[in-house]
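Okay, so here's the structure we're looking at.
The values are calculated or read from the model by the stated rules, or taken from the named source; none is laboratory data. Please read these numbers as outputs of a predicted model, since none were measured by experiment. Don't worry about glycine lacking a Cβ; one is built from the backbone with ideal geometry, like all the others, and counts go over all protein chains shown.
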Amino acid sequence: MNASASSKNRADPAGSPRIEWLPIGVLRPNPRNARTHSRKQIGQIAASIRRFGFLNPVLVDDANMLLAGHGRLAAARLEGLDQVPVVRFGHLTEAQKRAYLIADNKIAEQAGWDREMLAIELGELIDLLPTEGFDVSLTGFEAPDIDLLLADMAPSRPEPEDILPALPRNPTTRRGDLWRLGKHRLLCGDAREAADFARLIRARRLKCR
């Protein structure tokens, strides 16, 4: 790519793209779009547009061919909108348009979630959104998925049998006490200390059998 072509493809602050409102009928879905949208997803996008507004414009070229936003356009039709916001880009070659059509969707798939932060946000939105007449499913997460996430991120509780009892003020035995239990002996000591072992077995060596 030569210098002039490279410069042409850079963002130009002086000529920054502007949002236009175009009739839905003039927008042309891209016949090379390989991304699919289920009816459920389009319904979710439509609900988002209905509640939040059309915050994410679709991208088009100079011929009103979509570069990104097929799902949003389908949701707008479902909502019965007459116009949608678009941002126009005319600097891409035909090959670049085809590549971007894929990249816009594929690169987004590489993102992940900070599960701890997501659990905090969803946990609070469960209480906040209903006060504004919204449901938490507006986030795109279904209630069962949220329940599983919150349960997974909740602090683990130890089993009762794993909880150590509090130390008594006046213990029956202290470190160094040696109990004789018939032919057995029980030492209150530290298994990491050789001296405790020596005392327990009266300095006799342990024999492996």
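Here is a check on your reading of the model: is Ala99 at pLDDT 95 or above and among the small types (Gly, Ala, Ser)?
Numbers: at pLDDT 95 or above: yes; among the small types (Gly, Ala, Ser): yes.
Taking the combined requirement at face value, the residue satisfies it.
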When residues of the stretch 160-187 are filtered for being more than 24 Å from Leu200 (Cβ to Cβ) and either in contact with a Gly (Cβ under 8 Å, 6 or more places away or on another chain) or of a type in the set (Ser, Thr, Tyr) (or both), how many remain? 0
Just for the stretch 80-107: of the residues that are touching a helix residue (DSSP H, G or I) at 6+ places or on another chain (Cβ under 8 Å) and of a type in the set (A, V, I, L, M), which one is farthest from Pro31 (Cα to Cα)? Leu81
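How many of the residues in the stretch 48-94 are acidic (Asp, Glu) and touching a strand residue (DSSP E or B) at 6+ places or on another chain (Cβ under 8 Å)? If you could, list the steps in order and put the result at the bottom.
At the first step, the residues of the stretch 48-94 found to be acidic (Asp, Glu) are 61-62, 79, 82, 94.
Then keep just the ones that are touching a strand residue (DSSP E or B) at 6+ places or on another chain (Cβ under 8 Å); that gives 61-62, 82.
Total meeting the criteria: 3.
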